[in-house]
Structures are given as C-alpha cells and as structure tokens.
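Here's the structure, in structure tokens; my notes come after.
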Amino acid sequence: MFIKIMKKECTIYKKLKDKNVQCLACSHRCLISKGRTGICGVRQNIGGKLYLLVYGKVMAKYIDPIEKKPLYHFLPGTYAYSIGTVGCNFRCSFCQNYDISQFKEFYGKVLGEKITPKQIVNEAIKNKCKSIAYTYNEPTIFAEFAHDTAKLAKQKNLKNILVTNGYMTKECLDYISPYIDAMNIDLKSFNDKFYLKICKARLKPVLETIKLAHKKKIWIEITTLIIPGENDSKEELEQIARFIASVDKNIPWHISRFFPAYKMLNKPITPIEKLKQAEKIGKKYLKYVYIGNV
Ligand code: SF4
C-alpha cells in the first residue's frame, strides 16, 4: 500500500528574525539557522520553518510487556505497542540503543519505516495491546508525532506512555500531557557534572520534569542505571532517593544494572551487592524499589 507521508512542520518552536528558529521541545532550546538541524538531528529549519524529519517514520516497533518499559504499577500484565524513531537529544556514552539514538554516526541520514498515527493505533488494537509506548529513543524529539498518535489512541481507549530522559521543556509537556497516562523517567544521576560529561545535558530540567509530570497527575516511575564509579556513591544514591521521596514516596524507583555498551566499555558490570545497597538506601525513603536488568 502506498502511503504518502510528508515532513511535518513542528508545533513546539518559534520563528525568529532572518528565518532563524528556536526549537522549544527540549531544554537545549536549540537556535537553528536555515538548513540546519538541532542537536537531535531530526528537527530541521527549512526556509524559516521547523520541520520534524521523523514524523511517521519509525525505526523500531515491538510489542513489549509493559514491565519492560519498566512500569510495574501501571496496567501490569499487559502489552504496550512500542515505537521509536532515530535521534536523541542526549549523547550518553553508555547508550544501549546507540545505533538509533546516534544515527548520524551509523547511518548518516534519517531512516525509518513509514507508518501513520492511525496505522499505529490500529496495529496496537489488532495486537491486543492496552497502551502505546513512545520509547527506544527520546520521544521529546518526535513530540508532534507522539502527540498525534496519542490523541488518536486515547479516542480508542488506549493508554499512552512516554519512556523519557525527562529533558523536555514545560511547553512540550503542556502540549503532550493531555494524552499521556504514564511516564518512566530516567534520573541518571544527581550530579550535574555527570549529566554534562556523560550525557551532554544538565540535571535541573530533568528534576523539573519529574515534579511537573507528578503535578499533572501522570503516573510516573523513575529509573536509574547504576554505573560503577560514576553515580553509585552512597551519598548520591541517598540524594536520588530523597529527591524522589520529596515528590512522592509512592513513586516506584527502578535500580538498573549496567552492562558495558557503546563508548563506555571500560566499566565493569554493576555488582549485585551494589544494587542491593542501592535498594536498601531506596527503601529508607521510598515504598517501592526494584532491582532490574539482572
Ligand atoms: S528537540 Fe531538543 S535537541 Fe532537538 S532541536 Fe529541539 S531543542 Fe534541539
């Protein structure tokens, strides 16, 4: 079947003088001149308008148990129709999906299978999924595609899930949140230097997203990948657990085991004892703490 899918003009951006634009989807707030793309590589200034290059173009689609997102307290035992595109606004040196997130390094151009929001919703229903998850890469960068899909999905009584690094702006969360039921948000560290050095981003916007999503009554669960020697000190784990508890002690915290990947091949796999120590710390402050990826 032939499906015509055009590049879609973005919603979350503003036009500036001399045909420059500013993207407002994530906290990088990229200033983009004519012909250029932002840091994520999928939002391009064409003739003074910002376009989403991955609208209707998925690089990964699978039917996953919802626990894999991970979400343990939201529609347990159900399946989520899961999609992702290429691109990311982070540069995490330990990324597990680095070939799609850092696609320029691997493919040099935007790739993906064409699919419309309506087709995604129909596929989810056909496969008896209860939800659609925007995942694998960072959904903030394809917010308009996720928004249109989630809106249709909601009309069909499907739930919508964002699996995100939390770097979205308030404008982006305001735009998409009416259709979002649950989020798994990564809190990768409690140290701004970690975010700067390893992810090429900052900590504060992530904390703001967690607080705002909770305020909007979206169900949230938090994930921290514990990397030996990088974010696993007792002090830092305490800081993370205390922060989550300050938002709501009922928020589940997933402590995930690190395996060497991409550019971080020089670190060992997280020892089980370290995960257990993190779990013990978490349980001082939080009701639900889970060790994952073991
Ligand atoms: S989504 Fe973020 S990284 Fe991508 S263009 Fe917009 S502000 Fe830049």
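The values are calculated or read from the model by the stated rules, or taken from the named source; none is laboratory data. All figures in this text were calculated on a predicted structure; none of them were measured in a lab. Cβ atoms come from the backbone with ideal geometry, glycine included; neighbour counts cover every protein chain shown. Areas reflect the complete protein model, heavy atoms only, side chains present, ligands, DNA and RNA absent. Shrake-Rupley method; radii C 1.70, N 1.55, O 1.52, S 1.80 Å.
Miscellaneous remarks
- Residues satisfying the stated conditions in region 71-80, i.e. open to solvent by 10 Å² or more (accessible area, probe 1.4 Å) and in contact (Cβ under 8 Å) with a residue 24 or more places away in the chain: Tyr72, His73, Phe74, Leu75, Thr78, Tyr79
- Some residue of region 250-266 being in a helix (DSSP H, G or I) and either open to solvent by less than 70 Å² (accessible area, probe 1.4 Å) or free of Cβ contacts under 8 Å to residues at least 24 places away in the same chain (or both): no
- Contact map, region 22-44: first residue more than 6 Å from the ligand (Cβ to nearest atom), second residue open to solvent by 50 Å² or more (accessible area, probe 1.4 Å) and hydrophobic (A, V, I, L, M, F, W, C), Cβ cut-off under 7 Å, separation 6 or more or different chains; pairs are Gln22/Leu16; Gln22/Leu31.
- Qualifying positions in region 81-96 - open to solvent by less than 60 Å² (accessible area, probe 1.4 Å), closer than 25 Å to Ala201 by Cα and of a type in the set (S, T, N, Q): Thr85, Asn89, Ser93
- Enumeration of residues in region 164-212 that are within 12 Å of the chain's Cα centre (by Cα) and either open to solvent by 30 Å² or more (accessible area, probe 1.4 Å) or without any contact (Cβ under 8 Å) to a residue 40 or more places away in the chain (or both): Met183, Ile185, Asp186
- For region 69-103, filtering for residues that are away from the ligand (no atom under 16 Å from the Cβ), closer than 18 Å to Leu158 by Cα and not in a loop (DSSP other than H, G, I, E, B) leaves 5.
- Selection of helices (runs of 4 or more DSSP H) fully inside region 142-215 by the criterion of at least 2 residues being small (Gly, Ala, Ser) and touching a strand residue (DSSP E or B) at 6+ places or on another chain (Cβ under 8 Å) returns 143-155.
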